[in-house]
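Undergrad: Have a look at this one before I ask anything.
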Amino acid sequence: MLTSLADLEARYRRASPNSRALFEQGRSYTAGAAKGAYYYPPYPLTMARGQGCYLWDVDGRRYVDCANHHTAQVLGHGNELVEAAVREQMQKGIALGAPIGIESEIARAMCDRVDALERIRFVNSGTEATLHAIRLARGYTQRGKIAKFEGGYHGSHDAVEVSVAPPLDQAGPADAPIAVPTAGGMSPSAASEAIILPYSDPEAVERLVAEHASELACVLFDPKAGVLDIQPDFARAVRDITRRHGILLIFDEIVGFRTSVGGLQEVYGIDPDLSCFGKIIGGGFPVGAFGGRADLMDLFDNSQQATGFFQSGTFSAHPVAMAAGLATLNELTPQTIAHLNALGTRLKDQLNALFADRAIAAQAVCTGSVFSIYFARGPIANYRALAATDKTLIQPLFLSLIEQGYFLGPGLGMCALSAPMDPGHIDGLVAAVGNALAEIA
């Protein structure tokens, strides 16, 4: 007899009373969980601490961390070199209201790693990075519209929160998607200023970009690393299309940058005009960055004559985040990245072999060390395919894995591995998935 979701939730509640009490205590003040992404039913676990690739909750249970703080903790928790860099910077000063030099060091490190980066600016989040990159593209081209891919996520501002997860009955034809606002309270003009492109359909992208070329400031490309099975040929086609029509390409490396020393753009073999970064480049602290061609980025250089462009912020290029980020980059050597990617390949191959052996319509999608689990047979190469996957077993599998000591992202999407992991952690996760499926499927 299979275990029901209700039974799994009852077991979850019995094992996590302190988490439940803290959630109930805090929700009156934080309007639910501390942030939207932290919530999953019946309530989120509250974590007490992390070390290496492990988390401990407030009820004393240990988990292998395969959520990785939304992929940001690529070196795991409590990395000694990152913590030492943070302590050293805090002894010098937390924020001094002036440049202190560490900003230039990490900027040089990023430009050395990424061929298409000639200049870079640091901000506080990936949201800010895409906001400023789009503003720069609009100002430079004097065009008002942007194009983005259906299902692509670029942060929480009006220009990009369009067709992130649109209901299919509102989304229009697959080869000519309709722009659908994502959040309440958005500007009424946001959707009308966005052209929505389908993933993995270069002919449709060519047609839509050509049709709107005179209006488009840029194409934003979220490669959905570890979420969709985007092929390098498609990425190169998008680069060719934007270049042919004289439109700036903004490539979102916020999740995919961990895939290679030079980011996912290095893997794909493309040279974006602008790129956006976040997550791992802050070493666990709030961070974002955008950069690219010198002729574009130099419009922010106010040491010369006024250009009409401006970017700043109280905590932009925060010294502690810069120190943690530089220490993280120094640890992300080719060897470390190869280790992470090998773990990702091992996980994908073993999970897909497990699903095939059990004759279960499921699959793992993996880019480098970022992965997702879906219940579907066909390729998950665009938003429509993702939206059509069977969600019935997602929550039962998630709760069963928690019970077995594995903490994945809610929804089992955009999960991530970290450098302290070894093949034993991967084999253990695969075995836990097998145990869960025996119970729920």
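The values are calculated or read from the model by the stated rules, or taken from the named source; none is laboratory data. Since we're looking at a predicted model, the values are computed, not measured. Methodologically, a virtual Cβ is constructed for each residue, glycine included, from the backbone with ideal geometry; neighbour enumeration extends over all protein chains shown.
Undergrad: With Gly283, Gly263, Gly292, Gly325 as the choices, which residue is in contact with a Gly (Cβ under 7 Å, 6 or more places away or on another chain), buried (at least 16 other Cβ atoms within 10 Å of the Cβ) and closer than 13 Å to Ala107 by Cα?
TA: Gly325
Undergrad: Next question, about the same structure. List every residue pair whose Cβ atoms lie under 7 Å apart, where the two residues are 6 or more positions apart in sequence or sit on different chains, the first residue falls within the range 368-393 and is not assigned by TED's automatic domain parsing to the domain that holds Gly151, and the second residue, located anywhere, is aromatic (Phe, Trp, Tyr).
TA: Ile380/Tyr374; Ala381/Tyr199; Asn382/Tyr199; Tyr383/Tyr199; Thr389/Tyr374; Thr389/Phe375; Asp390/Phe375; Leu393/Phe375
Undergrad: Next question, about the same structure. From (1) under 12 Å from the mean Cα position of the chain (by Cα); (2) surrounded by fewer than 24 Cβ atoms within 10 Å (Cβ to Cβ), pick out the condition that doesn't hold for His245.
TA: Failed condition: (1).
Undergrad: Of all residues in the range 100-124, which are of a type outside the set (Asp, Glu) and in a helix (DSSP H, G or I)?
TA: Initially, the range 100-124 is screened for residues of a type outside the set (Asp, Glu), giving 100-102, 104, 106-111, 113-114, 116-117, 119-124.
Passing the criteria: Ile102, Ser104, Ile106, Ala107, Arg108, Ala109, Met110, Cys111, Arg113.
Undergrad: Taking the criterion of being among the hydrophobic types (A, V, I, L, M, F, W, C) and either part of a strand (DSSP E or B) or surrounded by fewer than 19 Cβ atoms within 10 Å (Cβ to Cβ) (or both), would at least one residue in the range 415-422 satisfy it?
TA: Within the range 415-422 (the criterion being among the hydrophobic types (A, V, I, L, M, F, W, C) and either part of a strand (DSSP E or B) or surrounded by fewer than 19 Cβ atoms within 10 Å (Cβ to Cβ) (or both)), the answer is yes, since at least one residue qualifies.
Undergrad: For Lys224, state whether it is in a loop (DSSP other than H, G, I, E, B), modelled with pLDDT of 95 or more and either among the charged types (D, E, K, R) or not assigned by TED's automatic domain parsing to the domain that holds Leu299 (or both).
TA: Here the answer is yes, as Lys224 does meet what is asked.
Undergrad: Mind listing just one residue for me: the one in the range 125-178 that is of a type in the set (D, E, K, R) and assigned to a loop (DSSP other than H, G, I, E, B) and, of those, nearest to Leu274 (Cα to Cα)? Spell out how you get there, then give the answer.
TA: Residues of the range 125-178 of a type in the set (D, E, K, R): 128, 135, 138, 143, 145, 148, 150, 158, 161, 169, 175.
Now drop any that are not assigned to a loop (DSSP other than H, G, I, E, B), which leaves 143, 150, 158, 161, 169, 175.
On the way: Arg143: 16, Glu150: 20, Asp158: 20, Glu161: 19, Asp169: 34, Asp175: 26 Å.
The extreme case among them is Arg143.
Undergrad: Mind counting the residues in the range 76-92 that are in contact (Cβ under 8 Å) with a residue 12 or more places away in the chain, touching a helix residue (DSSP H, G or I) at 6+ places or on another chain (Cβ under 9 Å) and surrounded by fewer than 23 Cβ atoms within 10 Å (Cβ to Cβ)?
TA: 8
Undergrad: Now for a separate question. Taking the condition under 21 Å from the mean Cα position of the chain (by Cα), touching a residue at least 40 places away in the same chain (Cβ under 8 Å) and farther than 19 Å from Asp65 by Cβ, does Leu354 pass? Break it down stepwise before answering.
TA: Values: under 21 Å from the mean Cα position of the chain (by Cα): no; touching a residue at least 40 places away in the same chain (Cβ under 8 Å): yes; farther than 19 Å from Asp65 by Cβ: yes.
In short, no.
Undergrad: Picking from Ala116, Ala174, Ala194, which residue would you name as being hydrophobic (A, V, I, L, M, F, W, C), more than 30 Å from Ser104 (Cα to Cα) and surrounded by 18 or more Cβ atoms within 10 Å (Cβ to Cβ)?
TA: Ala194
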